[in-house]
Amino acid sequence: QPEAAEEWYRKALAGGEGSAAAHLKLAEVLRLQGKFDAAIVEVREALKIAPQSAVAHTDLALILRQQGKDEEGIAEYREAIRLDRDWADAHNGLAVALAGQGQTEQAAAEFREIIRIDPDSTIGYYNLATALANLDRDVEAAEALRHVIRIYPDHYNARFNLGELFRLEGKFDESAKQFREYVGAKSSGPTGQQHGLSGAEHLPLDECAG
């Protein structure tokens, strides 16, 4: 339970466990309860201890975005990337924020950075497919979805969206095949969704790449 976790972390911090990680854990518990101001206080405490922490800047960015402070959140994501160019969570969060502002080309570039960092990232490929589809670049979007399915064949969101792209292109046999695979993957359980973009914002895009 979040309340119990909050109490545990507060006791740990009061007892001398003053690490940046402990403050960030408490911040996450507070964020999940919607206690955004209190969560920001804890992240800033973590940054006093570890000012070069890309993780802390990324966590702060997400909280600020959830408060509706998009520009401040974007600045924090950029700072996280400056500190660690290979921190995929920051690239994903920045991309989702940019997409929300209609900067879809820039968002696609950030999703490609995720794929550079991790060539087997289903989050990266799925979010990239969404961005490309929103740019009416359906052929490239379909290719990105194929990569998702290659990595994770039971990703039913990817199956469904690939089927939709084929249908729009008039490729009805290929579309029907993907829809059949979609039904089979979805009936097998929720894991396909978890590997897709279904979280905070994951076309929907998922800001919590995790």
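The values are calculated or read from the model by the stated rules, or taken from the named source; none is laboratory data. Note that this is a predicted model, so its numbers are computed, not measured. Positions of Cβ are generated from backbone atoms using ideal geometry, with glycine treated the same way; all protein chains shown enter the neighbour counts. For accessibility, only protein heavy atoms count, side chains too; no ligands or nucleic acids. Shrake-Rupley method; radii C 1.70, N 1.55, O 1.52, S 1.80 Å.
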Query raised in the report: In the neighborhood of Glu71, defined by Cβ-to-Cβ distances under 15 Å, what is the net charge if each Lys or Arg adds +1 and each Asp or Glu adds -1?
Result: -1
Query raised in the report: Considering every Cα-Cα pair within the stretch 15-89, what fraction, in whole percent, is farther apart than 16 Å?
Result: 44 percent
Query raised in the report: Any idea what Rg and Dmax come out to for the stretch 113-160 if you just take the C-alpha atoms, in Å?
Result: 9.8, 26
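What is the gain in length, in nm to one decimal, between Gln103 and Arg116 on full extension, counting 0.36 nm per residue of separation less the C-alpha to C-alpha distance? Walk me through the numbers before you get to the answer.
Working: separation 13, 0.36 × 13 = 4.68 nm, distance 2.03 nm.
Value of the extension gain: 2.6 nm.
Before I look further, what does the chain give for accessible area per residue, probe 1.4 Å, in whole square angstrom? Please report the intermediate quantities before stating the final value.
On the way: 10350 Å² over 210 residues.
Per residue, the chain has an accessible area of 49 Å².
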Query raised in the report: For the stretch 121-157 and the stretch 5-59, what is the separation of their Cα centres, given in Å?
Result: 34 Å
Query raised in the report: Given 0.36 nm per residue, what is the gain on full extension from Val139 to Ile49 after removing their alpha carbon distance, in nm?
Result: 27.7 nm
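Over all distinct Cα pairs, what is the inverse of the mean 1/r for the chain, reported as the Kirkwood hydrodynamic radius in Å? Please list the in-between numbers first.
Details: mean 1/r = 0.0553 Å⁻¹.
Evaluated on the chain, it is 18.1 Å.
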Query - Nearby aspartates and glutamates by direct alpha-carbon distance to Lys25 (threshold 14 angstrom, same-chain neighbours under 8 apart not counted) - result: Glu3, Glu6, Glu7, Glu17, Glu42, Glu45, Asp59
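Using per-residue counts of other Cβ atoms within 10 Å, averaged over each peptide, order 172-178, 78-84 from highest down.
On the way: 172-178: 14.9, 78-84: 17.1.
So the peptides 172-178, 78-84, ranked by packing, come out 78-84, 172-178.
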